[in-house]
Amino acid sequence: MAVDITLLFKASVKTVKTRNKAIGVGPESPKDELLRRNRPKNSFSSKAKEVISNITKLKDFLLQHRKDYVNAGSLLSSDVTHMTDCERDQIDQDAQIFMRTCSDAIKQLRTEAEKTVISAQMKEHRGAVLDLIEVYLKGVCKLYSEQRAIRVKRVVDKKRLSRLEPEQKIKREKPQSEDTEKTVSEESSEKPTCDIGVDLWEDSKVEDDLSPEEIQMFEQENQRLVSEMNSLVDEVRQIEGKVVEISRLQEIFSEKVLQQETEIDNIHQLVVGATENVKEGNEDIREAIKNNAGFRVWILFFLVMCSFSLLFLDWYDS
């Protein structure tokens, strides 16, 4: 069973501090200096912090101008922004260049980390750091993609409604002209000595005197307007779905591009290694050819010497 010795530990620490104070040992002893000594910073840490700082600046910039950026094509008159479409396009261009630069920097850091001769633990640590930075960059890319999708959706909605605005004006003017004609006919049929109750009764009487053809025409017009509005709502929903799908595909595309960059780097490393292996193989083949040539020379020399020895022995024996 575990025993809580927290109070005992605190009392021991207090006793050690009191003893050191009585002896005259300061808090900054050589042992403390060794423990507090800062580790030397390498180039990898500084470059990684710089990349993280740049990504954070991009994220803060996007969040700071998010409201003005996504209000492109807003349908509300109260949403007055001080950002033009040219400035929004410039933000898109700068953000894409910035994200591409950060991705290249991460790729360069990964290449340098693989080439540097360090321990396996340090290499694994640097790989994990670069993976976290890459995930952070993907999050910022996703934020930018969502903002861009909202902007495109609002612009499309504004264009769609502006295209339907003249038809709606014509449809509004036609009932207004009919109402004006009705009002003129009502005023001509009214007597100047009638009171307010008689006027209201006559207005309702005139409205009740509409012919069946006019009522049918108005009903058909209402049905046509309802069908047009329903079709407009369906088109807007389809556009919203397409915009969301485009943003999702753009996010997948950015992830695949980053994965392809990593795979291309791995293939490059494999090609470099294969080239080195081919060079070493060629050197081994050349060396083997040289060794075989020397071996053949020695065999020929041995056969010639044996032949001369036999001829000499035959001559000597005769």
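Readers should treat all values here as calculations from the given coordinates under stated rules, not as data from a laboratory. Just so we're clear, the structure is a prediction, and the values are computed from it rather than from any experiment. Note that we place each Cβ from the backbone using ideal geometry, even for glycine, and neighbour counts take in every protein chain shown.
Summary table below
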{"quantity": "Ranked 98, 295, criterion: other C-beta atoms within 10 Å, fewest first", "calculated": "295, 98"}
{"quantity": "For residue 118, residues with placed amide H under 5 Å, excluding near neighbours", "calculated": "none"}
{"quantity": "Taking 318, 119, 45 and counting other C-beta atoms within 10 Å, the order from fewest to most", "calculated": "318, 119, 45"}
{"quantity": "Exposure proxy order (Cβ contacts within 10 Å, fewest to most) of 19, 151", "calculated": "19, 151"}
{"quantity": "Region 254-318, dipole about Cα centre (Lys/Arg Cβ +1, Asp/Glu Cβ -1), debye to the nearest 20", "calculated": "340 debye"}
